[in-house]
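Taking it in order: structure first as structure tokens, then the write-up.
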Amino acid sequence: MTESFINARTPAVLRPPIPPRGWTRSRVLGHLLVGLWFALLLGLVLYLYSAWNIELVKKYAPTYLSGLWTTISLVGSSIILGAVLSIPVVLGRLSKNRIISSIAYFYVYFFRGTPLIAQVFLIYYGVGSFSKELQSVGLWIFFREAWFCALLAFGLNTAAYQAEILRGAIRSVPLGQWEGAASLGISKSVTFRKIILPQALIVALRPYGNEVILMIKGSAIVALISVYDLMGYTKLAYSRTFDFQTYLWTAIIYLILVEILRHLWDWMERRITRHLIR
């Protein structure tokens, strides 16, 4: 009787009604912008379809593939070189020696504070102007090639960014990790390699992916120093055909490449952090 009385006195809890979604100014503007982007995309597709030239594709597709490989190899090599160079820079930034930390700081400050294209020009044209001096020490073989100059400039530039990414990731690891390892008698070098660095790399994974994508897009400037990457062959194709779709296809290739890298980085992040999912 008591249970029935309680059930009779307890009203049913109803979910509140969904508030009506009116056509506010921001919602109308959002729909208009989406429609505009869709119209632009549709127009681009229709233009590429109407301007499709199979002879042009047969003639320049192999050069585009060659330029794409040059872009990928240049960026991949510079990222690896930058990763190697960033380690001593990070150690210098974390050093308690004021001279060493100042040198590392000014290195990072210069390469992060100046345009990448200026750095490429300084190495290709600036260092290249000392050809006699470079020949005397056997370095002219390296600096006479535009690809190697671009590799050096990109490597030095991305090393500065990677150093700051890694330094911030290392600083994000709690100090208790160091103290706990020290209490167990683990040396600082082993603590850094096996405890601190793996945790820091998880934090730095996403910024590293952003840096790779920025390097992919920034690599197009090497076409200005006669490196025939993807943009270099695009300029060559346009100068011979004056067909604007040569640049459109290049933009699409860059977009596809960036999307592949983005999904690859998402997959890597899910794999590395799967032990953190509860």
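The values are calculated or read from the model by the stated rules, or taken from the named source; none is laboratory data. Bear in mind the structure is a predicted one, so any value in this text is a computation, not a measurement. Cβ: placed from backbone, ideal geometry, glycine included. Neighbour counts: every protein chain shown. The accessibility values were calculated without ligands, DNA or RNA, using every heavy atom of the protein model including side chains. Shrake-Rupley method; radii C 1.70, N 1.55, O 1.52, S 1.80 Å.
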What's the total number of residues in segment 193-223 that are open to solvent by 50 Å² or more (accessible area, probe 1.4 Å) and more than 21 Å from the chain's Cα centre (by Cα)? 2
Open to solvent by 20 Å² or more (accessible area, probe 1.4 Å) and part of a loop (DSSP other than H, G, I, E, B), is that true of Gly126? no
Any hit, segment 261-269, residues being in a loop (DSSP other than H, G, I, E, B), open to solvent by 40 Å² or more (accessible area, probe 1.4 Å) and either among the β-branched types (Val, Ile, Thr) or without any contact (Cβ under 8 Å) to a residue 40 or more places away in the chain (or both): no
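Taking the condition at pLDDT 90 or above, within 25 Å of Ser77 (Cα to Cα) and buried (at least 18 other Cβ atoms within 10 Å of the Cβ), does Ala153 pass? Write out each step before concluding.
Values: at pLDDT 90 or above: yes; within 25 Å of Ser77 (Cα to Cα): yes; buried (at least 18 other Cβ atoms within 10 Å of the Cβ): yes.
Considered against the rule, which asks whether it is at pLDDT 90 or above, within 25 Å of Ser77 (Cα to Cα) and buried (at least 18 other Cβ atoms within 10 Å of the Cβ), Ala153 comes out as yes.
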Looking only at segment 48-96, which residues are open to solvent by 80 Å² or more (accessible area, probe 1.4 Å), among the aromatic types (Phe, Trp, Tyr) and assigned to a helix (DSSP H, G or I)? Tyr49, Trp69
Would you pick out the residues in segment 224-245 that are hydrophobic (A, V, I, L, M, F, W, C) and open to solvent by less than 70 Å² (accessible area, probe 1.4 Å)? Ile225, Val227, Leu230, Met231, Leu236, Ala237
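Which residues, counting only those in segment 103-123, are farther than 20 Å from Met215 by Cα and either free of Cβ contacts under 8 Å to residues at least 24 places away in the same chain or open to solvent by 50 Å² or more (accessible area, probe 1.4 Å) (or both)? Walk me through how you get there before you give the answer.
From segment 103-123, those farther than 20 Å from Met215 by Cα are 103-106; that's our starting set.
Of everything in segment 103-123, those that are farther than 20 Å from Met215 by Cα and either free of Cβ contacts under 8 Å to residues at least 24 places away in the same chain or open to solvent by 50 Å² or more (accessible area, probe 1.4 Å) (or both) turn out to be Ile103, Tyr105, Phe106.
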Check whether at least one residue in segment 177-188 is within 21 Å of Ser95 (Cβ to Cβ), open to solvent by 40 Å² or more (accessible area, probe 1.4 Å), under 29 Å from the mean Cα position of the chain (by Cα) and not small (Gly, Ala, Ser), and report yes or no. no
